[in-house]
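Enquirer: Structure in structure tokens, see below.
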Amino acid sequence: MLLDLAPAPMTYSAMPSPPNPRRQARFVKARQAPVTQDQDWAAHMIAVRDKQDKAAFAALFQHFAPRIKGFLMKSGTDAALAEECAQDVMATLWNKAQLYDPARASVATWVFTIARNRRIDIARRAKRPEPELLDWAQDDAPDQADIYEAAQETKRLTAALADLPEKQRALIQRAFYGDLSHSEIAAETGLPLGTIKSRIRLALDRLRQKMT
Amino acid sequence: MTIRHHLSDPLLIAYAAGTLPEAFSLVVATHVSMCDDCRARLGAFEAVGGAVVESSSVALSAGCLEAVLARLGTPEPVSPAKPKGQLPTPLQDYIGGDLAAVKWRRLGMGVRQAILPTSKGAIARLLYIPAGQAVPDHGHRGTELTLVLQGAFRDETDRFGTGDVEISGQELEHTPVAEAGCDCICLAATDAPLRFNALIPRLLQPLFRI
Ligand SMILES: [Zn+2]
């Protein structure tokens with residue numbers, strides 16, 4: 001349970017900042033005032049989604065494209081193809097920006113799902129069945145606390161991953177680089193999955209609120 | 001619909017990581033479409049994937065960004081959600097329609113099946129079991145996932161109602177029986193052929209690709 005080293009706040013009030021989620025909301029919407037580092041990528045992605053903002057896209061590219069390339073190389077793709085695919089993934093980010101919901105996933109998480117699907121494409125040429133899209137209530141402004149929490153979560157998980165002993169970190173990485181089969185994951189008892197339990201509860205509350 | 005039997009963590013992690021055989025992915029995607037609990041867990045595992053991407057950086061060649069900027073066009077509009085059918089949409093994609101479009105083949109005793117087109121490594125099929133009827137008892141060489149889409153069945157381990165998924169490994173020899181009152185429809189995926197205990201089904205096995 002080593003991921004528990006990074007304490008996961010169970011309530012929004014337990015978080016140190018921002019003190020006022022509503023103020024944060026205006027920042028994200030207008031993108032005039034400087035946003036906090038934690039919300040930065042979501043705000044950039046919203047600018048891409050709502051305004052086709054190429055400067056925001058370029059900033060996202062500088063951060064994420066090298067990481068997608070690294071992710072794909074670790075997954076066994078050679079450098080040239082990994083870079084080409086990183087470009088494809090970033091182009092998909094632009095093309096499918098309308099599908100991005102900052103309340104449900106951080107940009108890093110969304111990038112991961114697109115990169116993973118690209119990897120499945122090149123490796124197996126198999127289809128990937130995706131769950132039915134939820135008919136989320138069409139509220140114009142997503143809950144800022146949710147956006148904040150999604151970004152925080154990636155920050156927390158990234159820090160927790162860095163703090164893990166090498167052996168356990170390698171195990172998690174190998175699972176997500178696509179190195180471990182289902183039965184290998186099932187046989188592995190050392191996967192530190194403690195922290196995400198609180199995240200699961202938050203996500204579930206959110207789903208229930210949205211669907212009723 | 002109260003779901004009592006969910007997907008395991010290893011299945012959701014492997015699906016999040018993109019390493020499940022297609023037939024198993026179909027069962028996962030279909031169950032997640034029916035189950036908020038597993039949808040939330042899947043989202044959490046994908047967030048771990050996001051953290052793994054965050055910590056994997058390799059320098060790009062010069063001109064990489066400019067090449068992408070040059071090819072950006074008009075983003076795609078959101079396509080309207082498909083109307084709800086009897087079956088979840090990932091399954092409909094493989095059937096080519098809703099429940100009425102399934103091309104059933106008879107297996108005898110009123111039991112019917114339809115094999116869905118997935119890549120090698122595992123087989124996905126729909127099973128139709130008349131109310132009160134048993135599926136011939138069988139064991140498994142690998143893993144079998146059985147998701148109930150309609151009705152319910154019982155076997156030696158428990159009762160499985162609509163939305164429940166039974167995960168059985170090599171050790172399980174079971175005889176699923178559809179509950180009285182409603183015909184049972186399941187989506188099942190196996191990564192190795194089933195072993196039937198009776199002689200006749202074993203002879204039929206290559207014929208029907210069970
Ligand atoms: Zn479930």
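Enquirer: Quick check: is even one residue across region B:2-18 over 27 Å from A:Ala103 (Cα atoms), more than 7 Å from chain A (Cβ to nearest Cβ) and within 16 Å of the ligand (Cβ to nearest atom)?
Expert: yes
Enquirer: Additional query: Which one is surrounded by the most Cβ atoms within 10 Å (Cβ to Cβ), of the residues in region A:90-110 that are within 7 Å of chain B (Cβ to nearest Cβ) and of a type in the set (S, T, N, Q)?
Expert: A:Ser106
Enquirer: Can you pull out the residues in region A:111-131 that are assigned to a helix (DSSP H, G or I) and either within 7 Å of another protein chain (Cβ to nearest Cβ) or free of Cβ contacts under 8 Å to residues at least 24 places away in the same chain (or both)?
Expert: A:Val111, A:Phe112, A:Thr113, A:Ala115, A:Arg116, A:Asn117, A:Arg119, A:Ile120, A:Asp121, A:Arg124
Enquirer: Do we have B:Phe160 as within 16 Å of the ligand (Cβ to nearest atom), more than 13 Å from the chain's Cα centre (by Cα) and outside the structural domain of B:Val32 (by TED's automatic domain parsing) here?
Expert: yes
Enquirer: Here's another thing I want to ask about it. So is B:Leu20 more than 25 Å from A:Ala159 (Cβ to Cβ), touching a helix residue (DSSP H, G or I) at 6+ places or on another chain (Cβ under 9 Å) and surrounded by fewer than 23 Cβ atoms within 10 Å (Cβ to Cβ) or not?
Expert: When the stated conditions are applied, B:Leu20 does not pass them.
Enquirer: Could we say that B:Leu60 is touching a strand residue (DSSP E or B) at 6+ places or on another chain (Cβ under 7 Å), at the interface with chain A (Cβ under 7 Å from one of its Cβ atoms) and either more than 16 Å from the ligand (Cβ to nearest atom) or touching a residue at least 24 places away in the same chain (Cβ under 8 Å) (or both) here?
Expert: Criteria not met by B:Leu60.
Enquirer: So for region B:87-95 (the condition being free of Cβ contacts under 8 Å to residues at least 24 places away in the same chain, within 16 Å of the ligand (Cβ to nearest atom) and under 27 Å from A:Val89 (Cα atoms)), does at least one residue qualify?
Expert: No, the conditions are met nowhere in region B:87-95.
Enquirer: What's the total number of residues in region B:34-44 that are within 23 Å of A:Arg119 (Cα to Cα) and either within 7 Å of chain A (Cβ to nearest Cβ) or at pLDDT 95 or above (or both)?
Expert: Looking only at that region, the number is 4.
The values are calculated or read from the model by the stated rules, or taken from the named source; none is laboratory data. Keep in mind that what you see is a predicted model, and the values were worked out from it rather than measured. Every residue, glycine as well, gets a Cβ built from its backbone with ideal geometry; the counts of neighbours run over all protein chains shown.
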